[in-house]
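Right, one structure below, let's go through it.
The values are calculated or read from the model by the stated rules, or taken from the named source; none is laboratory data. Nothing here was measured: the structure is a model prediction, and the numbers come from that model. Note that we place each Cβ from the backbone using ideal geometry, even for glycine, and neighbour counts take in every protein chain shown. Just the protein is used for accessible areas: all its heavy atoms, side chains included, with ligands, DNA and RNA removed. Shrake-Rupley method; radii C 1.70, N 1.55, O 1.52, S 1.80 Å.
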Amino acid sequence: MAPPLRVGIAGLGTVGAGVVRLLRRQAALLDKRAGRAIEIAAVSARNPEKSRDLDLSGIPWRHVDELATAPDIDVVVELIGGEDGPAKALVERALMHGKSVVTANKALIAHHGAALARLAESHGVSLAYEASVCGGIPIVKGLREGLAANNIRELHGILNGTCNYILTQMGESGRDFDDILAEAQRFGYAETDPSFDIDGIDTAHKLAILTAVAFGTEVDLASVHVEGIRRIGALDITYADALGYRIKLLGIARRAADGGIEQRVHPCMVPKATAIAAADGVFNAVVAEGDFVGRVNFVGPGAGGGPTASAVAADLIDIARGHVVPVFGVPASALSRADPTPITRRFGAYYLRLEVVDRPGVIADVAAALRDQNVSLESVLQRLRAPGDNVPVVLTTHETDEARMTAAVAQIAALDAVVEPPRLIRIEQF
Ligand SMILES: NC(=O)c1ccc[n+]([C@@H]2O[C@H](COP(=O)([O-])OP(=O)(O)OC[C@H]3O[C@@H](n4cnc5c(N)ncnc54)[C@H](OP(=O)(O)O)[C@@H]3O)[C@@H](O)[C@H]2O)c1
């Protein structure tokens, strides 16, 4: 029997506690599947005195700095979080000391993925991060190993459960964003400072990681166009429904015809019949399109102690088996740098909601602005009346360039009769 894999766990919060529970409860299963025991050699967190609803009996407590160098630890599991600070220092030190690392830290991988991959590979150890994207869904392994024989043309997905929960609840209840956000915070689905989730930053981190895995490129977070969901109103969700769509915050990555890569995060209208539209609540979903396999859907729980621990433990099993794969699917030295394709080159349809003064000629002025930019209208809706003298007008366009649409919207926003900044949502047909 091979000697046990000795694991040092840093961080005992939602994920860390889940990992401790899983490794203890599933010890016999993991032993059988990995061919050796996976043993918790030490744990660490910020405050050793903190009372935790967690059985840590018999597990040595170490200061976090010791985990990277302790000779009786083979693998460091980093579950602290944050792109820099103690998490980064621990991961770098552990890799430099020849220890494999498992992390759930998307911010760290999104900001420093390429450098950390080079460090891991130069020391002949693994850097595993399945848990950093979509919690329990094996999306990294699915893309990197399951779809390894394909050129990936495109991937898109719901990568943030908090936003998906808020949008789903807005749709089901007809209540507005602020109201549902406050409720999500009470239920613990949203942080006290929710900006990371609702402004799309968390989705951007995950998208940048998946893009690197799918296209064999260096993680390029800076090139991701990011918009969040703060400006989505209950009215938009009602109109989307009437038009046959659902609104989702998506991360989208595409290889452009010129070899560049488009990465964008923003609310989208997606047809109700798509798999992505059907993923509701805190669920995540990713659709990847490969040249030989076609479309593959991944759907499942994107966060939480149990699902995320499942992904962390799967990485540990790989390491225990000696299964080493390049961090982003190709050796770090072979990761390419693709030119970013800016969002201004998007070509697609748009939904535009305006709040206008209800008087003759307004629609004609709006239509003229679109005509000036060569944007052709698909539909105009003016059904629901808002309180007061203003009325909402909803337009959808045929496919057009983002640059033209942006110019038309600027012209429309400047009209006297348009009393609020226009709401623009991209329609993705997939
Ligand atoms: N929560 C999820 O569902 C989820 C899903 C996927 C990925 N992730 C990622 O998993 C990581 C952990 O998330 P989480 O939700 O478990 O966070 P959390 O509940 O806030 O726990 C963080 C843990 O890190 C410890 N810690 C903080 N600063 C430290 C320091 N300087 N030295 C040592 N330990 C320190 C804390 O110690 P104390 O307990 O003593 O305060 C706590 O145990 C993050 O990267 C997150 O993005 C989370």
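Overview of results
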{"read-out": "Residues located in segment 319-334, provided they are over 21 Å from the mean Cα position of the chain (by Cα) and crowded, with 20+ Cβ neighbours inside 10 Å", "value": "I319, A320, A332"}
{"read-out": "Residue satisfying condition, being away from the ligand (no atom under 12 Å from the Cβ), more than 21 Å from P307 (Cβ to Cβ), acidic (D, E) and open to solvent by 70 Å² or more (accessible area, probe 1.4 Å), within set E66, E92, E49, E39", "value": "E39"}
{"read-out": "Residue ranges of strands (runs of 3 or more DSSP E) in segment 300-401 with at least 2 members free of Cβ contacts under 8 Å to residues at least 40 places away in the same chain and in contact with a helix residue (DSSP H, G or I) (Cβ under 7 Å, 6 or more places away or on another chain)", "value": "377-381"}
{"read-out": "When residues of segment 75-89 are limited to those that are assigned to a helix (DSSP H, G or I) and farther than 20 Å from A313 by Cα, the one nearest to the ligand (Cβ to nearest atom)", "value": "P86"}
{"read-out": "Any hit, segment 100-110, residues being open to solvent by 10 Å² or more (accessible area, probe 1.4 Å), hydroxyl-bearing (S, T, Y) and out of contact with any His (no Cβ under 7 Å at 6 or more places or on another chain)", "value": "yes"}
{"read-out": "Test result for A279, more than 20 Å from L335 (Cα to Cα), of a type in the set (G, A, S) and not assigned by TED's automatic domain parsing to the domain that holds Q26", "value": "yes"}
{"read-out": "Total residues in segment 281-299, condition free of Cβ contacts under 8 Å to residues at least 60 places away in the same chain and not charged (D, E, K, R)", "value": "2"}
{"read-out": "Those residues of segment 34-53 which are touching a Lys or Arg at 6+ places or on another chain (Cβ under 7 Å) and over 22 Å from P3 (Cα atoms), in sequence order", "value": "S44"}
{"read-out": "Identity of the residue in segment 11-36, of a type in the set (K, R) and in contact (Cβ under 8 Å) with a residue 60 or more places away in the chain, that ends up farthest from the ligand (Cβ to nearest atom)", "value": "R36"}
{"read-out": "Contacts under 8 angstrom Cβ, first residue in segment 174-190 being assigned by TED's automatic domain parsing to the domain that holds T238, partner open to solvent by 40 Å² or more (accessible area, probe 1.4 Å) and not in a helix (DSSP H, G or I), 6 or more apart", "value": "F177/R230; Q185/E191; Q185/T192; Y189/V282"}
{"read-out": "Residue in segment 73-89 that is open to solvent by 10 Å² or more (accessible area, probe 1.4 Å), over 27 Å from L207 (Cα atoms) and modelled with pLDDT of 95 or more present", "value": "yes"}
{"read-out": "Test: residue in segment 348-364 that is touching a strand residue (DSSP E or B) at 6+ places or on another chain (Cβ under 8 Å), within 16 Å of the ligand (Cβ to nearest atom) and among the hydrophobic types (A, V, I, L, M, F, W, C)", "value": "no"}
